[in-house]
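Worksheet: one structure, shown below.
No value in this document is a laboratory result; all are computed from the given coordinates. Bear in mind the structure is a predicted one, so any value in this text is a computation, not a measurement. Here the Cβ positions follow ideal geometry from the backbone for every residue, glycine too, while neighbour counts run over all protein chains shown.
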Amino acid sequence: MSPIDPRLQEALDAERDPGELPTDLREAYARLMAAAQLLQTTPRLSVATRIMTEIRLLPAPVHSDGPMRRLIRWFGRPRAVTVRLRPVWTLGLAVGLAAMLLLSSQQDSAPTPSASEGIANFIGHFPGAKSVEVVGSFNNWSRGTLHLNDDDHDGIWHAAAILPAGAHEYMFVVDGERWVPDPLAGRYVDDGFGAGQENSLVFVRPAAAQP
């Protein structure tokens, strides 16, 4: 979960003018304040009790008015609304909404393959490895451009990449030292150095051809 921006937290705690926030933080501030109104505690007095109390405090009119007319006038009067955020609620609500906003922005910014590109999925089983990355003909065999992840720490490393449609040679680099062909590739090609070593081969289908 991503931490809330300190400037947004200061605005929520009334320590900063919301008008000084950048545009994206002002929008997040407005959403937080709107959501906070839904989380307020139940009033000590019910709505009906408050209405009847206000009616009883109204001055007696010169002409005879029934309770219904006084009730209508009570609803017609302008009222000030005060929103109070408890610190614990403020932090929890802000962090939750910040995470949702971040997730939404990440989904909106996810790259989409063009008609001449496709998605290649790389999966490798390397228990105990500290890092795994993919190098290949698509990135000029350069390290540091495509890292695999093992979020569950179960030894299964995976990553997806958008590549030009067609065939690509690749290998895994484990812990920055071992260059390993993909045992699940199914297709291999000689690496061209005459030592009998092979590179893995992946075929990427264009996005336009996928259902």
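Here are the numbers for this structure:
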read-out: Cut-off under 5 Å, modelled amide H: who pairs with Val135 long-range; value: Met171, Val173
read-out: Estimated FRET transfer efficiency (Ser142, Asp24; beta-carbon r; R0 30 Å; 0.05); value: 0.35
read-out: Placed amide H near Glu117: partners under 5 Å, 5+ positions off or other chain; value: Ala165, Ala207, Ala208
read-out: Positive-end residue, region 117-209 charge dipole about Cα centroid, Cβ charges, pick of Ala129, Asn199, Leu148; value: Asn199
read-out: Cβ charges +1 (Lys, Arg) and -1 (Asp, Glu), total dipole of region 117-209, debye; value: 200 debye
